[in-house]
Amino acid sequence: MTIIAENPIKPVAAPSHVQQKVIASLNKRHRKEKLFRSLGLGAVLISLGLVAVLFINIFSKGLPAFWQSAVTLDIYFDPAIIKIPPKPVQQADESDNDFRQRDLSWQTEVGFINFNRLITDSLQKVLPDASKHRRDLTRMVTSGERFALRDMVVADPAIIGQTRQLHLLTDANIDVWLKGNIDRSLPDAQQQLSPKLREWADKLKAEGIIQNRFSLALFMNPDSRSSLASAGLAGAFMGSFYMMLVVILLAVPMGVAAAIYLEEFAPRNKLTDLVEVNINNLAAVPSIVFGLLGASVLIGWFNLPMSAPIVGGLVLSLMTLPTVIIATRSTLKAIPPSIRQAALGLGASKMQSIFHHVLPLAIPGILTGAILGVAQALGETAPLLLIGMKSFVASVPASPFEQASALPVQIYLWQGNELRNFFEARTSAAIIVLLLMMIGLNGLAIWLRKKYEKRW
């Protein structure tokens, strides 16, 4: 029998002092790396959590404002109340001035008609005890609805003598009462509505005569201070639209052209260095300074109309111009020099190499920078306040030279309204509309970058 001797186990030598120091150093580095990763992940999670809380808060408050209480009534356009002659028609031998005078007189007669009575008569049919509380009855429906009835008669006089089923917006206080934004346990002296109005509102809500309907008024109407329930974003939206149009037509082409010249054609000297420094400084100037510039120069010296989108657009163009220049120059610098050298080597001129080879590759970055600059300008408020766009405007502007508001300014004005329990939700709704516009612009920037991106 053969006995195989086992190999003796050699004792493991203890690490030397140098090895111990290396191991300790590695462990320390790994702990620091793990801690740094944990801190980075924690910062990201906290940021996402705060953003989520912000969006949840805004959407939870703003989404209910897109639906508004409306009472469904059969409105009889009583000829006994609407006593007006037929709408004038211009005769063949009648001058334009005479016809305008007759039409203006006819519209004046229409304006003196008590359209509120049409509404109260219809309400009395669904509220048997309404005749004893006429004053409360007039407060059931927002005051702007009588003007809507007037506009219907002006647009179609044949409606006189007919009955139409219409959905009329309730008063703002009734809307917040039915939505539960008013404490029902408060005594009558502290309530915004009389006991009879609260009783009627609950009764009509239970009967289905008052329902929550999607509010087109929020999007179709301008702001209003006499009929708060009818206040909308149409005027502010068009004001922002005109301003963004001015910014796109001025700041974007001027910024791109200036960046191309500075990056590709301008000589490197003290003058261009001074220009570059000033461009970087302008990008860091607070936006309120541009508002002061617009108020003193554009309105004070050039006598441009106050609170007009053209002034706001010019101010925002000055503010956006440095951003567009810097973004465009950064994009042009990222294009490999070999592209330019190859074009020049094949006989192309400097102009051809830039516009035929470099710019097509730089278009995604240029478009992204331009759209992000425009989106940033869309959310500015301080410069617009200084040029007078915080003033109340009760009509939708038809051109950039008419008075208007803007979405950020409208949010600011609604936030300070005394009827907070109604306008707090409406303010959040306006923020949602503004966020959707900015998200749309950012999404457009991403789509354009993907569409025109070329790899080399």
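Read-outs throughout are calculated quantities, based only on the coordinates presented, and are distinct from any laboratory measurement. All figures in this text were calculated on a predicted structure; none of them were measured in a lab. Don't worry about glycine lacking a Cβ; one is built from the backbone with ideal geometry, like all the others, and counts go over all protein chains shown.
Scaled against the 2.2 N^0.38 Å expected of a compact globular protein of N residues, the Cα radius of gyration of the range 356-414 reads 1.60.
Counting neighbouring Cβ atoms within 10 Å and putting the fewest first, the residues M319, M238 line up as M238, M319. Taking 4 °C and 1.567 mPa s as conditions, the chain diffuses translationally at an estimated 46 µm²/s according to Stokes-Einstein applied to its Kirkwood radius (Cα pairs).
Of E207, E199, E424, the sequence from fewest to most neighbouring Cβ atoms within 10 angstrom is E207, E199, E424.
Highest mean packing first, where packing is the average number of other Cβ atoms within 10 Å per residue, the peptides 109-121, 323-335 line up as 323-335, 109-121.
Hydrophobic long helices, here whole DSSP H runs in the chain with Kyte-Doolittle means of at least -0.5 and Cα atoms spread over 15 Å or more along the helix axis, are found at 17-62, 115-126, 144-155, 234-260, 270-284, 309-334, 359-378, 420-452.
What's the extension gain from T108 to S16 if we count 0.36 nm per residue and subtract their Cα-Cα distance? Mind showing how you got there, number by number?
Details: separation 92, 0.36 × 92 = 33.12 nm, distance 10.47 nm.
Net length gain for the segment: 22.7 nm.
Note on D121 and N212: their simple-model spin labels are 3.4 nm apart, each label 7 Å out from Cα toward Cβ.
Defining a contact as two alpha carbons under 8 Å apart and six or more residues distant in sequence, what relative contact order in percent does the range 234-452 show? The partial results should precede the final answer.
Details: 292 pairs, mean separation 69.8, N = 219.
It rounds to 32 percent for the range 234-452.
In the structure shown, do any of K61/K179; K61/K203; K125/K196 have a Cα-Cα gap over 18 Å, and if so which?
From the list (K61/K179; K61/K203; K125/K196), the Cα-Cα distance tops 18 Å for K61/K203.
The alpha-carbon of K350 sits under 26 angstrom from the alpha-carbons of these lysines, leaving out residues fewer than 8 places away in its chain: K270, K333, K454. Taking other C-beta atoms within 10 angstrom as a stand-in for reagent exposure, I23, I431, I366 fall in the order I23, I431, I366, fewest first. The alpha carbon convex hull volume per residue for the range 64-215 rounds to 134 Å³.
Put the Cα centre of the range 225-243 next to the Cα centre of the range 335-374 and the gap is 42 Å.
Suppose R0 equals 41 Å; then what is the FRET efficiency for F219 and E94 from their Cβ-Cβ distance, rounded to the nearest 0.05? The value I calculate is 0.55.
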